[in-house]
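Below: the structure, in structure tokens.
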Amino acid sequence: MAFDITPTDRRFSMDLTFKPITKHDLEYIRVLRNRNRQHFLNNKVIGPALHAKWYKKYRNNPLDVMFVVKDYHTNERLGVCAIYDLDMVAQTCKIGRFIVEHDMRGWGIGGAMVRFCTNFALRVFKVKKAILLEVKGKNEKAINLYKDNHFEIVSYHRGIAYMERKVEADV
């Protein structure tokens, strides 16, 4: 799938570009993810070989789209986000893999990522029931960000908060 999307989110003063990841982004994503692994459900360090194996599987799955988020004007990478686990029967998908560069936090980029992934799920994947996400239950900043974007906690299990945004009203 080829997407080149440049939405402008006027909630802050930065124009963002969301570009699907390519092979050239792998090392950036791996290093960024490893630096922020404490926020991931699987928080083990990922080496280049394992990451390349993941990318090969990812490339063959049209229902998994991951984006590198860049500053539109400077082309500087600011983070990554994804939409995955699309279920055409249940009309749901998950969003996540949100990582914002540490020095760019607090600029509204995380919120822009959540809104972008939500809109992409609705408009491109045509999700009609719910958008789901999983987050560590102790990650209060992330949980509050998701709540601000109309997600509700539907359950907790083994330290994971499962959140959902019903979309029937959004469509």
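The values are calculated or read from the model by the stated rules, or taken from the named source; none is laboratory data. Bear in mind the structure is a predicted one, so any value in this text is a computation, not a measurement. Cβ: placed from backbone, ideal geometry, glycine included. Neighbour counts: every protein chain shown. Side chains are part of the model used for accessible areas, which takes the heavy atoms of the whole protein and leaves out ligands, DNA and RNA. Shrake-Rupley method; radii C 1.70, N 1.55, O 1.52, S 1.80 Å.
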- line: Here P(r) for the range 54-136, Cα-Cα distances in 10 Å bins, as whole percents, is 17, 46, 31, 6, 0
- prompt: Which whole-percent values make up P(r) of the range 116-171 when all C-alpha to C-alpha distances are grouped in 5 Å steps starting at zero?
  reply: 5, 20, 30, 21, 15, 9, 1
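Ordering LYS128, LYS23 from largest to smallest accessible area (1.4 angstrom probe), what's the sequence?
Values: LYS128 105, LYS23 150 Å².
Result, largest first: LYS23, LYS128.
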query: Which residues in the range 48-65 have a backbone N closer than 17 Å to a point placed 7 Å from the Cα of ALA90 along the Cα-to-Cβ line?
result: 63-65
message: If packing is taken as the average count of other Cβ atoms within 10 Å, what order do 80-86, 150-156 fall into, highest mean first?
response: 80-86, 150-156
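Rounded, prolate or oblate for the range 35-96? Axes are the square roots of the Cα gyration tensor eigenvalues, ordered a ≥ b ≥ c, and the cut-off for rounded is a/c under 1.5.
Details: a/c = 1.62, a/b = 1.18, b/c = 1.38.
Because a/c hits 1.5 or more and a/b fails to exceed b/c, the range 35-96 counts as oblate.
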message: Give the residue list of trypsin sites (Lys or Arg not before Pro) in the range 66-124 that are DSSP loop and have at most 11 other beta-carbon atoms within 10 angstrom.
response: none
Percentage, to the nearest whole number, of Cα pairs in the range 1-147 over 27 Å apart: 18
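Tell me, in nm to one decimal, what length is gained between ARG37 and LYS166 on full extension, where the rule is 0.36 nm per residue of separation less the Cα-Cα distance? Spell out each step's value before the answer.
Values: separation 129, 0.36 × 129 = 46.44 nm, distance 2.85 nm.
Gain in length upon complete extension: 43.6 nm.
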field: Nearby lysines by direct alpha-carbon distance to LYS23 (threshold 29 angstrom, same-chain neighbours under 8 apart not counted)
entry: LYS44, LYS53, LYS56, LYS57, LYS70, LYS94, LYS126, LYS136
